[in-house]
Amino acid sequence: MTDWQAEAARLDAADPLAAHRSDFIIDEDLAYLDGNSLGALPSATPDRVAEVVRDEWGEGLISSWNTANWIDLPQRIGAKIAPLVGAQPHEVVVADSVSVNLFKLISAALAMQQGRKVVLSEPGNFPTDLYMIDGLEKQRLAERRLADRADIESALNDDVALLLLTHVHYKTGAMFDMARLTKAAHDAGALVLWDLSHSVGAVPVDLNGAGADFAVGCGYKYLNGGPGAPAFAWVAERHHADLQQPLSGWMGHAKPFKFADDYTPAPGVDQLLCGTPPIVSMSALEVGVDLMAGIGIEALVAKSRQLSEFTRAATAAVVPELPCISPEDPERRGSQLSFRHEHAYELCQALIARRVVGDFRAPDVLRLGFAPAYVRFADCWRAVSELRDILDSGEWRKAKYAERGQVT
Ligand SMILES: *Cc1c(COP(=O)(O)O)cnc(C)c1O
């Protein structure tokens, strides 16, 4: 029988990223397996934010737009995200939320597709992706169509303008073959927009290698940008000349400080800026992105796979009654494992009470996320052994674990 605790200790001792845990402020006794929902706080962020507020804002005041290079932050951080997703530095910009960037890029894609209005996605996609299509449908600009993931390729017919998919599914962790789906969409004359929210910083992504058209991604998950951190948007260089997005705010103007009456879009992805960038939030995001870019995507991916493989094997052996709904092949899943249980919510709460933080996704999924920069194999083992204990003792049945907060 495997001694899982000893195996975890062995893997931690051999982990080339082990020292990076101290790049984050996380209690020593905390097993934080929810970095796929809100990334941990980088140790350098509080001082950097204080510096931006006290020095750059407090003393530099308005001159900091130039002297502290605030004005370049959206492009500067975008260029640092680029190598994590197989993009060129000038193809990525940081702005707004994922939801707003979806609106901009779905609209831009529809504008490029004369005579086609259908945006194809899958049922059960992350809600905001579907809701943003709905909003455009109400404006009579889009027509929403959903096909189960196994049927997407056959649903790509000649009225589909855009295929909008989330690369790694938030609930199951299943990962699409980006190159294959992109090619299938292109063969049908459709464009493709990938939501990389659960991918960036954790799984291999090669947007240009796949020949994709557009992408968006989240700043507060594996990029550790902090709650509500700005998101990013990517547009393949070949589309820059034709890019036309409807949120034509002044920061996306070619010459914002000319204060012209008429809108002339800035070249390339700069046009995706809308209003004034949130400098304090962006400065926090930059610290998180610097950390991930410094470690490098190959090392992050390698550790992510090791963590989830260890946890999958340990769970299957120790808690066999908990079915794993994530793909078995680590190449086909993101940096998470999801388990189905009728009382997943209560199990999750009982785990949290024991300082093992995973999360619950309605109606019946317990999700464990593996942020490779700071999660230890010992954390994964603790999750498994505490689950065993919570199920054996029936502790999850305590009434307090059934109480639900506004955010679950
Ligand atoms: C987290 C997440 C988002 C977040 O969208 P916001 O508008 O930035 O809150 C979007 N899409 C997916 C797939 C996500 O996982």
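Return P(r) of region 1-129 (all Cα-Cα pairs; 5 Å bins starting at 0; whole %; ordered from short to long distances). Spelled out bin by bin, region 1-129 gives 2, 7, 8, 12, 15, 15, 13, 11, 8, 6, 3, 1, 0, 0 percent.
Of Phe360, Phe214, Phe232, the sequence from fewest to most neighbouring Cβ atoms within 10 angstrom is Phe360, Phe214, Phe232.
So for Ile133, Ile352, Ile390, fewest C-beta neighbours within 10 Å to most, what's the order?
Details: Ile133 26, Ile352 15, Ile390 23.
Listing Ile133, Ile352, Ile390 from fewest to most nearby Cβ atoms yields Ile352, Ile390, Ile133.
Cross-link check: pairs Lys80/Lys221; Lys138/Lys171; Lys104/Lys138; Lys104/Lys183 evaluated at a Cα-Cα cut-off of 21 Å; pairs beyond the cut-off: Lys138/Lys171; Lys104/Lys183.
Along the axis of the charge dipole computed for the chain (Cβ charges of +1 for Lys and Arg, -1 for Asp and Glu, origin at the Cα centre), the listed residues Ala147, Val85, Pro278 are led at the positive end by Ala147. Within a Cβ distance under 15 Å of Val98, other residues only, what is the Lys/Arg minus Asp/Glu net charge? That sum, taken over residues with Cβ under 15 Å, equals -1. Computed over the alpha-carbon pairs of region 82-176, the distance histogram in 5 Å steps reads 3, 12, 21, 23, 21, 14, 6, 0 percent, short to long.
Among 192-199, 250-257, the peptide with the highest mean count of other Cβ atoms within 10 Å heads the list, and the full ranking is 192-199, 250-257.
Principal axis extents of the Cα atoms in the chain, from largest to smallest and rounded to whole angstrom, are 70, 58, 40. The label point for Leu141 and the one for Asn69, both projected 7 Å from the Cα toward the Cβ, are 3.4 nm apart.
Using alpha-carbon positions, what is the distance between the centroids of region 193-222 and region 228-243, in Å? Cα centres, region 193-222 to region 228-243: 12 Å. Taking the alpha carbon gyration tensor of region 240-343, multiplying each eigenvalue by 5 and rooting it gives semi-axes of 45, 17, 14 Å, largest first.
For region 322-404, what D do you get in µm² per second when you plug the Kirkwood radius from alpha-carbon pairs into Stokes-Einstein at 20 °C and 1.002 mPa s?
Values: Rh = 13.1 Å.
Translational diffusion coefficient: 163 µm²/s.
Subtracting the Cα-Cα distance of Asp27 and Ala111 from 0.36 nm times their residue separation leaves 25.4 nm of extension gain. Rounded to the nearest 5, the antiparallel percentage of DSSP beta bridges internal to region 47-295 is 40%.
Throughout, read-outs are computed from the coordinates displayed, never taken from laboratory work. Source: prediction; values computed, not measured. Cβ: placed from backbone, ideal geometry, glycine included. Neighbour counts: every protein chain shown.
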